[in-house]
Each structure stands twice: as structure tokens, then as C-alpha cells.
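The values are calculated or read from the model by the stated rules, or taken from the named source; none is laboratory data. Please read these numbers as outputs of a predicted model, since none were measured by experiment. Backbone-built Cβ (ideal geometry, glycine too); neighbour counts: all protein chains shown. Calculation scope for accessible area: heavy atoms of the full protein, side chains included, ligands and nucleic acids excluded. Shrake-Rupley method; radii C 1.70, N 1.55, O 1.52, S 1.80 Å.
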Amino acid sequence: ATTAQSKAEIIKQKSVKYNLQSWSKQGGLNPIAVEKAEGIYYWDYDGNRYSDMSAQLVNLNLGHGNKEIVEAIKEQADQYCYMGPSFAVESRADLAEMVIGLMPDNFGKVFFTNAGADANENAIKMARMFTGRKKVFSRYRSYHGSTFGAGNLTGEPRRYPLEPGIPGFVKFFDPYLYREQIQFESEQAAAAYYVAKLREQICYEGPDSIAAIVLETITGSNGVIIPPDGYLQGVRKICDEFGIMMICDEVMAGFGRTGKMFAFEHWDIKPDIVTFAKGVTCGYVQLGGVAVSKEIAAYFDDHFLSCGLTYSGHPLACAAGVACVRYYGEHNILENVNKVGKVLGEELEAMKAKHACVGDVRYIGLFAAIELVKDKASREPLVSYGGDPKGVMGKIVGMLKEKRFMTYSHENMVLVCPPLIITEEQIREELAKMDEVLGTVDKEML
Ligand code: PLP
């Protein structure tokens, strides 16, 4: 154990010394050195077991250590590891066919990227080339990636370092009913309101100048905001009316997370472009992609597709993707998401009823957020928007971590997004830890 511990210390020290850590002040970091990982768990070098209740960055949908995926990567590596994007590669062609097979019938082709941000970058480029227009609409409570273009699409504070940003990126408000000033009679009434406001804004921006509306089908890291029924259908109608491309960012919500393969399936709409990443390979090798309609694909038959990446459709990543997509189907993953998701929803509702600090719980499939408040009646958030000077949310996530319940927070929300292979028994065991921590928040932090 002593050697393992000293090994862990060396890894940690080196990591802190040389690795710049995402989204963090670099001082005082204390990362866990992970020795092994299996299913919904991982272990440090001291043998402590942690439960991965965020599925890493909501990407590890099939959990750690999946042998079928690992085997597929090994097989591809034995054949060859890399061929440039212009070559016909079996795993690349197979995965593109599989992805198109999962899309609505208006879809034609896929452009593979390295991850989610560059999927969105390329999606907006394609929409601009296809429509000949420049402006792009996206929402405030959204995260679309941290690179320059995707960062400009992003509406939340992670876009601030890129400001004043690229001209022509226009933001609109999301249907965030819990924090809306207006009380609507029904989901349809709410949807009609937001769609009308969006249409009005589009008219003022000049519909003929707008290439695309980009939306996370279900907003993810900004708090699992599920649109009211009729909203996405309404956006679809606006896009049809004005010839605007509807781009659904399914990077986080896609590949089974919400209980359907893609979140837009909950509302029976057909986007023009879908971006995906995360769950397509579950992090085994990084990959993203842009799926486009047949119409857009055909446009590029005789128009130059001005997009390219050295690692577009990396064979190892595509081999992992083929194995993952196969695994979702063969192991009835959606069935498990819906079965365990029902338990998750019931448990979250119980916590909302029980705890003073829980203002709202939002969930669909295994995609959930708990919104913490100082006061249920006024809905005053536990920490104010864009500021948590006392590190309250960090403390709450820290209390969960002490119980080995590993997740992250955003603003005043805690995300619960475990791997999709989690069992009912496992989720109950984990949520009991959450229940205890929320009890402490009620008592000590309001
Ligand atoms: N889009 C959404 C909805 C995301 O949640 C993320 C990442 O969290 C991205 C895009 C960016 O993906 P990546 O980090 O793979 O570039």
C-alpha cells in the first residue's frame, strides 16, 4: 500500500505541477489519482471507491471498463490506427451509416469531428455555406463548447472571455419556466409565448440574414431545462417559415441519456442538423460529429465543403463508436434508462417534498438536476447567478464527495447524470447519500 500511495502522490504532484486544469484557478488543486475504473465506479490508489454520478462529464454513458468497446479499439489498432479523412475506412463508414440509421428519415450524411465544440463549429459553418446567410441564434442558458465559434454560441458566463465576440451571434431566452416571471396555464401556453417572442426577435434581426438557430434540445449543464411541449415544434415552424436551419445540439442529451436515442425524439421533430459527441464513444476515444439532412448533403455534391480536420473520423474513435452504438442496441440500454430513470424521478420528487433547500427537480431518463434555493416560496437561489463568493456549492459537492458520490454543480444546481448502465439498487444507494447531504444543507446552510 505504501508504494501505491507514494505512486499516487507522485502522479498528483506531477499533475498539479504540469497540467493546466480546465475551468479552475490553478492554485490549491487536489485531484484524485485514479488507479482503476469499472462500471459506475472508480478507485484511487488507496483503494477508495467512488461512484461516478456524473458519468465523468456526462459522456461515459456505458460506464468504465466496457470490454466490447475496448476489444473493438484493439482490433482497429491491430489493423491500423490512422488513415486520413479522404480514405474509405471501414469503421468510419460503418459508424456514419449507423448514425444516419438512428436519425429521422430526412438525414443523409455525417461529418466527423474530434468532440462537441468542433461539431458545433462545423455545423454553423455548414449552415452558413448552405443558406448563404451569416447570423446565428442561440440561447443564454446554453453551453455549446469552449472554442471560439462554439464559445460564441454559448450563452452562459463561460463565453465571457471571448467577448465582445463574433458579430452576428444573437442570443435569445430559453423556456426556463421555474424562473419565469409569468405563470402559464399550460405547457402549450408557455411554448406559444416563447415561440412568439423568438419570432418577434427574428423579425427584428432580419429573417433573411439568419443561417441557423442552435439549441441544446434539452439544456444540459445549465440545469436540465426541458422545453415545454410545443416549443421545439414551434421553433421548427419558424425555421421552415424563414428558411433557417434548425440545429439541435445533442452532444450531452444524445445517445440515450434522456431515455430516447436522441432528445428531439420526445417531440417528434426533424432538425436539419444534429451535432453529437460524448455518448457516441462514451469517452473511450474522443469523437464528435455533425449529421446533416439529405438536402444539405446534396447541396455539397456540387458545392465545396470548406471543413476539415486531420482527425476527422479517426479510425480508433470510429471503431469505439461502432461498438458503443451496437452496445446500446444489443443491451437494451434505453430500457434501463427508462426503468432506472423512473426511480430517479420518484426519489428526486421525494427529496423536493422533504427538503427546504430543494426548489425544483428536473429529470428525464437519467438526466437530472436539483435546483437549490434559500427559500422555496420566493425561489431565491441558494447562490446568486454568476456568483458564489463563499463557495457554498463547492462545499455541497464536497460533502457529496466525502460520501464518494461524485458529481458537479452549476450555479445553484447539482447534476445527477450517472452512467446509463446503473441499476435500481445502485441508484437508490447513491441517492440515499444525496438525501443525507440535503438534510445537512437544510440544517446548516439556508
Ligand atoms: N454541447 C453541449 C451541449 C455540451 O454539453 C458540451 C460539453 O459539455 C459541448 C457542446 C462541448 O463538447 P466538448 O467538450 O466535447 O467540446
Item to complete: Select, from LYS125, LYS109, the only residue that is assigned to a strand (DSSP E or B), open to solvent by 60 Å² or more (accessible area, probe 1.4 Å) and in contact with a helix residue (DSSP H, G or I) (Cβ under 9 Å, 6 or more places away or on another chain).
Response: LYS109
Discussion item. Just to check your reading of the model, which residue among GLY234, GLY220, GLY168, GLY230 is closer than 22 Å to HIS410 by Cβ, under 25 Å from the mean Cα position of the chain (by Cα) and assigned by TED's automatic domain parsing to the domain that holds ARG128?
Written reply: GLY220
Worksheet item: For the range 189-202, how many residues are surrounded by fewer than 16 Cβ atoms within 10 Å (Cβ to Cβ) and either among the β-branched types (Val, Ile, Thr) or over 20 Å from MET246 (Cα atoms) (or both)?
Response: 1
Item to complete: Can you tell me which residue within the range 5-44, out of those that are small (Gly, Ala, Ser), within 26 Å of GLU430 (Cβ to Cβ) and open to solvent by less than 60 Å² (accessible area, probe 1.4 Å), is modelled with the lowest pLDDT?
Response: SER24
Discussion item. Test of understanding: among GLU330, GLU335, which residue is within 30 Å of MET83 (Cβ to Cβ) and open to solvent by 60 Å² or more (accessible area, probe 1.4 Å)?
Written reply: GLU330
Worksheet item: Is at least one residue of the range 348-356 of a type in the set (Asp, Glu), open to solvent by 30 Å² or more (accessible area, probe 1.4 Å) and not assigned by TED's automatic domain parsing to the domain that holds MET126?
Response: yes
Worksheet item: Give me the pairs: first residue in the range 361-380 and farther than 16 Å from MET393 by Cβ, second residue crowded, with 22+ Cβ neighbours inside 10 Å and of a type in the set (Asp, Glu), beta-carbon distance under 8 Å, and six or more apart or on different chains, which are they?
Response: VAL361/GLU371; ARG362/GLU371
Discussion item. Just to verify a result, which residue in the range 387-414, among those that are hydrophobic (A, V, I, L, M, F, W, C) and part of a strand (DSSP E or B), is nearest to ILE427 (Cα to Cα)?
Written reply: PHE405
Response to the item:
The number of residues in the range 263-285 that are surrounded by 24 or more Cβ atoms within 10 Å (Cβ to Cβ), within 16 Å of the chain's Cα centre (by Cα) and not basic (Lys, Arg) is 10
Practice prompt. Output the residues belonging to the range 128-144 that are open to solvent by less than 30 Å² (accessible area, probe 1.4 Å) and more than 14 Å from THR219 (Cβ to Cβ).
Written response: VAL136, PHE137
Fill in: Residue that is more than 13 Å from ALA96 (Cα to Cα) and either in contact with a Phe, Trp or Tyr (Cβ under 9 Å, 6 or more places away or on another chain) or within 13 Å of the ligand (Cβ to nearest atom) (or both), where the choices are GLY321, GLY341, GLY288
GLY341
Practice prompt. Those residues that are touching a residue at least 12 places away in the same chain (Cβ under 8 Å), within 20 Å of ASN222 (Cα to Cα), in a loop (DSSP other than H, G, I, E, B) and open to solvent by less than 60 Å² (accessible area, probe 1.4 Å), I need them from the range 168-188; list them, please.
Written response: ASP174, PRO175, TYR176
Discussion item. Please go through (1) without any contact (Cβ under 8 Å) to a residue 24 or more places away in the chain; (2) touching a Gly at 6+ places or on another chain (Cβ under 8 Å) for ASP301 and return the number of the only condition it doesn't satisfy.
Written reply: (2)
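A quick yes/no check of all residues on (1) over 30 Å from THR423 (Cβ atoms); (2) in the same structural domain as PRO315 (by TED's automatic domain parsing):
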| position | (1), (2) |
| --- | --- |
| ASN19 | yes, no |
| ASN48 | no, no |
| ASP52 | no, no |
| ARG92 | yes, yes |
| LEU95 | no, yes |
Practice prompt. Answer yes if at least one residue in the range 384-394 is touching a strand residue (DSSP E or B) at 6+ places or on another chain (Cβ under 8 Å) and β-branched (Val, Ile, Thr), and no otherwise.
Written response: no
Worksheet item: For GLY155, are the conditions met, namely being at pLDDT below 95 and either open to solvent by 20 Å² or more (accessible area, probe 1.4 Å) or closer than 24 Å to LEU372 by Cβ (or both)?
Response: no
Worksheet item: Which ones in the range 143-167 are within 11 Å of the ligand (Cβ to nearest atom) and either without any contact (Cβ under 8 Å) to a residue 12 or more places away in the chain or not in a loop (DSSP other than H, G, I, E, B) (or both)?
Response: ALA150, GLY151, LEU153, ARG158
Practice prompt. List every residue pair whose Cβ atoms sit under 6 Å apart, with the two residues 6 or more apart in sequence or on different chains, where the first one lies in the range 214-231 and is within 18 Å of GLY386 (Cα to Cα) and the second, anywhere, is among the acidic types (Asp, Glu) and near the ligand (Cβ under 9 Å from one of its atoms).
Written response: none
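The rows are residues; the columns are (1) assigned to a strand (DSSP E or B); (2) open to solvent by 50 Å² or more (accessible area, probe 1.4 Å); (3) at pLDDT below 95; (4) more than 16 Å from the ligand (Cβ to nearest atom).
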| position | (1), (2), (3), (4) |
| --- | --- |
| TYR50 | yes, no, no, yes |
| LEU57 | no, yes, no, no |
| LEU62 | no, no, no, yes |
| ALA93 | no, yes, no, yes |
| MET98 | no, no, no, yes |
